[in-house]
Amino acid sequence: MTDEQLAWDFDAMMAGGGESGNTAVPALVADEGITHLAPGSEAWIAALTPTDADAVRLDRLDVDTLNAENAARLWARVAAWVESDQIAYYIDDAPVSSDAAYDARLRCLQRLEAAFPALDNPQSPTHRVGGTFSNDFTSVRHPSRMMSLDDVFSIEELSDWYDSVIRDLDWPEGKALPMSCEVKIDGLALNLIYRNGVLEQGLTRGDGVTGEDITLNVRTIGSIPANLGGDKSDIPEFVEIRGEVFMRWDDFHELNREQEDAGRAPFANPRNAAAGSLRQKDPRITATRRLSFYAHGLGTLRWGANSAGRHDQVNDQSEAYALYEKWGVPVSPHNRTVTSFSEILAMIDYYGEHRGDIEHALDGIVVKVDDLALQRTLGATSRAPRWAIAYKYPPEEVNTELLDITVQVGRTGRVTPVAILKPVYVAGSTVARTTLHNPSEVKRKNVLIGDTVVVRKAGDVIPELVGPVLERRKGRENELREFVMPERCPSCGATLAPAKEGDKDIRCPNVESCPAQLTERVISLASRKAFDIEHLGDQSAIALTNPEENRPDSVATYAPNITEILVKPGEEPEPYEPVEGLQLPERQTPVLSSEAGLFALTAADLRDVRVWREAPIIEIHETVGANGRKKKTRKRVGGSGLWHQVPAFWTAPAPAKKLTAKQLAARAGAETTADDVAVTAYPDYDVPADAVVVRVEHKKTRAGETDVPVVVRPGENTRKMFDEMDKARHADLWRVLVALSIRRLGPPTARLIASSLGSLDAIEEASVDELTQIDGVGPEIAESVVHWFTAAKEPGDWRGETLRAWRAAGVGVAAAEKSTLPQTLAGKTVVVTGSLEGYSRDSAKEAILERGGKAAGSVSKKTDYVVVGANAGSKATKAEELGIPMLDEAQFETLLETGEV
């Protein structure tokens with residue numbers, strides 16, 4: 001960027017005029033203060049900054065409330081930013097603003113110019129199709145003007161455009177209007193000029209009238225033909241083919257790998273990569289970049305005297321695309337012809353859900369009137385046609401501020417850096433944090449705390465911090481700092497270190513009491529391969545061991561009274577501003593500090609446990625049914641980034657239900673027990689025995705005043721969880737072994753050990769030699785089992801505490817049960833490889849073991865059968881080499897039943 005003063009940036013000039021003035025430039029107000037200023041006021045305008053958050057504020061501003069002076073002041077400020085954005089995007093190929101922020105600023109200028117016509121002038125950025133062209137390439141005038149498209153960002157705006165087309169054409173009601181629907185490629189516009197079938201020039205869009213001659217680079221793009229194909233009689237004398245140059249995702253990822261291998265910075269996105277590649281001064285570099293091209297428009301077309309009368313006039317867009325395919329010019333395979341607004345919406349919905357599934361980046365859907373004569377009737381504005389529109393999806397890349405980098409402990413002890421971001425709306429949800437994987441990744445991405453960073457989110461994919469906007473560092477170097485990996489675990493305080501030398505990942509070695517790792521063990525012991533406590537899943541385990549997971553870092557994202565945010569289709573939620581004086585609640589102490597206490601828990605222990613939940617963004621769609629009635633449907637489109645607390649195991653307070661006359665009569669005839677204390681206190685209401693009355697509400701009824709008890713009680717899933725925990729006390733011995741989280745010990749081997757030794761006491765005293773004598777138990781697993789039980793005997797060791805507590809609760813005291821299934825596989829060794837539909841890897845091995853067989857992990861001459869599922873690997877190859885019978889899933893089931901195939 002240059003230091004040149006832009007002509008209309010008078011807001012930055014001194015009020016006294018030039019250097020001799022005595023009046024200082026008013027200091028910009030910090031971003032935090034803008035929320036307390038009146039929108040549109042002079043102070044509010046001065047406090048605006050070129051950030052995504054303030055771009056959203058511009059979108060919300062009602063420009064009709066401004067006076068002429070403030071309108072001019074705001075126009076000057078925003079116009080300067082838009083021009084800077086255009087130079088960075090179109091000239092430097094190094095954008096400093098996100099697409100969403102640029103679009104919001106441009107819309108603000110357009111609204112200002114509409115409300116205050118004196119601000120509208122030919123030099124306004126709103127009248128530029130693109131940025132002014134670069135002088136690095138020869139300037140060439142387009143044979144016919146190359147226009148841009150107007151954008152809309154909501155379904156309502158799109159509907160208004162569609163209705164205006166119908167109205168302006170005076171189109172008969174009920175008659176289909178053919179239109180083309182095309183995915184909007186996030187690339188660079190290109191005008192290809194062919195004379196007598198030979199590629200003569202390739203021009204960038206430039207300002208729409210004049211572009212840059214990049215013909216040499218265009219000739220290196222393999223999908224652009226140097227000569228049009230087909231019969232000579234079908235080749236025109238002159239044609240302009242408009243389209244988009246882009247980089248496919250696979251080519252983009254390959255290019256970035258090559259960049260990193262060469263020690264160069266990777267490109268932020270395919271659009272930047274394509275722009276940088278297409279405008280290389282050395283075509284040999286462009287040739288290595290694997291660019292692609294799709295045609296999407298038609299400029300001038302002349303058939304010439306020799307073809308006169310032999311060719312019909314091209315009447316619509318679809319016919320032009322058919323010609324392109326005949327000539328060998330690629331056209332997007334995703335184009336559709338539609339005849340109604342509902343079909344347009346169907347395409348928008350489809351590619352909104354499959355945005356990441358096609359070969360290139362896309363940022364919207366382009367809708368065009370197909371008939372060229374109707375296009376001419378509708379005409380154009382100074383920059384865009386009226387017969388086409390671009391509906392833009394919520395941006396998948398935005399810029400925001402990197403407020404901090406903290407760390408979180410994974411459930412296996414891995415410590416991961418996490419980027420704490422200024423909350424920003426991207427791809428349908430608000431993002432406030434994202435993982436940075438490991439310290440090496442932080443260095444590779446070259447991010448500093450305080451940077452303006454690019455955040456990418458595609459669909460349901462986890463948000464990614466792409467990298468810093470380096471231009472935004474200028475003048476702010478003293479405000480930035482490097483991330484330093486902590487030496488101690490933030491969850492438990494243990495000293496951090498790699499598990500082994502050379503590992504990129506840093507781990508917490510405190511296996512026994514680190515809350516994050518305890519969560520993982522509780523999840524494991526409750527899983528199907530262990531105690532099979534169905535209602536003790538991930539979320540319940542987190543609530544028991546680490547209820548403060550997802551706790552907001554500040555009140556900026558703490559919204560205690562917001563449980564969901566409702567928006568219209570295509571609408572973004574309003575920015576959240578916490579009320580003054582709001583504070584985060586005190587941290588909770590987990591009810592479970594070790595798995596030893598699991599079976600001693602009671603429902604009462606869980607009453608006050610609360611967990612953090614993110615308020616979802618819900619899109620409300622309104623449709624009209626066949627009966628003419630309006631119907632509203634809800635669609636969850638993402639998270640808001642705002643958090644609140646909810647009860648984890650108990651219900652929220654609710655008034656007790658009043659009993660019916662029939663229920664009262666049944667109660668009167670029943671015997672009263674000790675559990676019916678609440679019943680006698682509130683005889684007219686249904687107050688369950690396990691409920692707690694938290695308050696009484698006084699209500700007036702026709703019969704007079706009455707006291708209504710408000711109750712809480714364990715939730716239905718909580719009650720089921722305790723029922724399943726009671727059953728787990730009598731779990732098979734092998735399940736108990738798996739639940740102890742002994743390293744390397746899975747269900748198949750645990751079955752072998754339990755079946756062979758018969759009791760927990762015997763396993764506890766077994767030596768490595770005794771264990772390895774069991775067929776199927778190797779030395780590593782044997783050593784791991786012995787190490788675990790040896791450590792359990794040490795005073796105060798968590799393993800011993802777990803054993804003693806579980807035994808006291810009746811867990812693991814029963815002898816191992818022998819399988820009652822027919823031993824159809826006795827003496828046989830079976831290997832399972834690949835994915836089976838009806839079995840997981842572990843359940844397939846269990847099925848073999850339960851029938852007396854040996855479930856081996858590798859193929860050898862001793863193997864009797866190899867069961868081959870989908871995506872089988874080298875084991876299937878080896879079985880074929882050794883001539884061992886290979887079975888599919890149906891044959892495997894026959895083998896289990898009969899022992900033969």
statement: Note on Y558: of the conditions (1) more than 24 Å from K422 (Cα to Cα); (2) buried (at least 21 other Cβ atoms within 10 Å of the Cβ), unmet is (1)
message: I'm checking my understanding of the structure. Among residues of region 538-555 that are assigned to a loop (DSSP other than H, G, I, E, B) and touching a helix residue (DSSP H, G or I) at 6+ places or on another chain (Cβ under 8 Å), which one is surrounded by the most Cβ atoms within 10 Å (Cβ to Cβ)?
response: N546
Lone unmet requirement of (1) touching an Asp or Glu at 6+ places or on another chain (Cβ under 7 Å); (2) over 21 Å from L470 (Cβ atoms); (3) of a type outside the set (K, R) for G276: (2)
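Every residue, every condition in (1) charged (D, E, K, R); (2) out of contact with any Leu (no Cβ under 9 Å at 6 or more places or on another chain), yes or no:
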residue: M146; (1), (2): no, no
residue: I155; (1), (2): no, no
residue: W161; (1), (2): no, yes
residue: R167; (1), (2): yes, yes
residue: K175; (1), (2): yes, yes
residue: I185; (1), (2): no, no
residue: N191; (1), (2): no, no
residue: R205; (1), (2): yes, no
residue: E212; (1), (2): yes, no
- request: Give the residue that is nearest to S540 (Cα to Cα), with candidates limited to residues of region 572-592 that are surrounded by 17 or more Cβ atoms within 10 Å (Cβ to Cβ) and either at pLDDT below 90 or basic (K, R) (or both).
  value: P573
- request: Among the residues of region 801-857, count how many are touching a Gly at 6+ places or on another chain (Cβ under 7 Å) and at pLDDT below 80.
  value: 3
query: Which of the following residues is out of contact with any Lys or Arg (no Cβ under 7 Å at 6 or more places or on another chain) and assigned to a helix (DSSP H, G or I): L112, L177?
result: L112
message: Where the second residue is surrounded by 13 or more Cβ atoms within 10 Å (Cβ to Cβ) and polar (S, T, N, Q) and the first is in contact (Cβ under 8 Å) with a residue 24 or more places away in the chain and closer than 11 Å to S640 by Cβ and lies in region 551-570, which pairs have Cβ atoms under 7 Å and are six or more apart or on separate chains?
response: I565/S640
statement: Checked against (1) modelled with pLDDT of 90 or more; (2) on the phi > 0 side of the Ramachandran plot, G304 satisfies every condition except (1)
- prompt: Between residues in region 46-67 that are on the phi > 0 side of the Ramachandran plot and outside any loop (DSSP other than H, G, I, E, B) and residues that are among the aromatic types (F, W, Y) and modelled with pLDDT of 85 or more, which pairs lie under 6 Å by C-beta distance while being six or more apart or on different chains?
  reply: none
field: Search result, residues across region 473-500 that are of a type in the set (K, R), exposed (fewer than 11 other Cβ atoms within 10 Å of the Cβ) and without any contact (Cβ under 8 Å) to a residue 24 or more places away in the chain
entry: K500
- prompt: Here are some conditions: (1) part of a loop (DSSP other than H, G, I, E, B); (2) buried (at least 16 other Cβ atoms within 10 Å of the Cβ); (3) basic (K, R). K184 meets all but one. Which one does it not meet?
  reply: (1)
task: State whether the residues of region 336-344 include one that is closer than 30 Å to N227 by Cβ and of a type in the set (A, V, I, L, M, F, W, C).
output: no
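Condition check ((1) over 29 Å from H253 (Cα atoms); (2) more than 27 Å from the chain's Cα centre (by Cα); (3) in the same structural domain as A88 (by TED's automatic domain parsing); (4) hydroxyl-bearing (S, T, Y)) across all residues:
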| residue | (1), (2), (3), (4) |
| --- | --- |
| G413 | yes, no, no, no |
| K422 | no, no, no, no |
| T434 | no, no, no, yes |
| V442 | no, no, no, no |
| L480 | yes, yes, no, no |
| G502 | no, yes, no, no |
| P515 | yes, no, no, no |
message: Please go through (1) surrounded by fewer than 14 Cβ atoms within 10 Å (Cβ to Cβ); (2) assigned by TED's automatic domain parsing to the domain that holds S440; (3) at pLDDT 85 or above for G467 and return the number of the only condition it doesn't satisfy.
response: (1)
query: Going by the conditions given, is T820 of a type in the set (S, T, N, Q), on the phi < 0 side of the Ramachandran plot and more than 41 Å from the chain's Cα centre (by Cα)?
result: yes
query: Name the strands (runs of 3 or more DSSP E) wholly within region 276-392 that hold at least 2 residues that are within 25 Å of N217 (Cβ to Cβ) and not β-branched (V, I, T)?
result: 292-302, 362-369
message: Tell me the residue from T300, T215, T220 that is touching a residue at least 12 places away in the same chain (Cβ under 8 Å), surrounded by fewer than 21 Cβ atoms within 10 Å (Cβ to Cβ), over 27 Å from S180 (Cα atoms) and touching a strand residue (DSSP E or B) at 6+ places or on another chain (Cβ under 6 Å), please.
response: T215
- request: Assess whether D207 counts as being out of contact with any strand residue (DSSP E or B) (no Cβ under 9 Å at 6 or more places or on another chain), outside any loop (DSSP other than H, G, I, E, B) and acidic (D, E).
  value: no
query: Within region 778-879, which helices (runs of 4 or more DSSP H) (wholly inside it) include 1 or more residues that are in contact (Cβ under 8 Å) with a residue 12 or more places away in the chain, assigned by TED's automatic domain parsing to the domain that holds V768 and under 18 Å from R743 (Cβ atoms)?
result: 779-792, 798-808
- request: Scan region 212-243 residue by residue and report those that are part of a strand (DSSP E or B) and in contact with a Lys or Arg (Cβ under 6 Å, 6 or more places away or on another chain).
  value: F238
- request: Evaluate the following for D370: is it at pLDDT 90 or above and in the same structural domain as N272 (by TED's automatic domain parsing)?
  value: yes
- request: Mind telling me which of the residues R667, R636 ends up being in contact with a Pro (Cβ under 9 Å, 6 or more places away or on another chain), under 30 Å from Y425 (Cβ atoms) and not acidic (D, E)?
  value: R636
- prompt: How many of the residues making up region 705-748 are of a type in the set (D, E, K, R) and at positive phi?
  reply: 1
- request: Check whether at least one residue in region 135-142 is closer than 24 Å to A38 by Cα, touching an Asp or Glu at 6+ places or on another chain (Cβ under 6 Å), at pLDDT 85 or above and not polar (S, T, N, Q), and report yes or no.
  value: no
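The values are calculated or read from the model by the stated rules, or taken from the named source; none is laboratory data. Since the model is a prediction, treat every value here as computed from it, not as a measurement. A quick note on method: Cβ atoms are made from the backbone with ideal geometry, for glycine too, and the neighbour counts reach across all protein chains shown.
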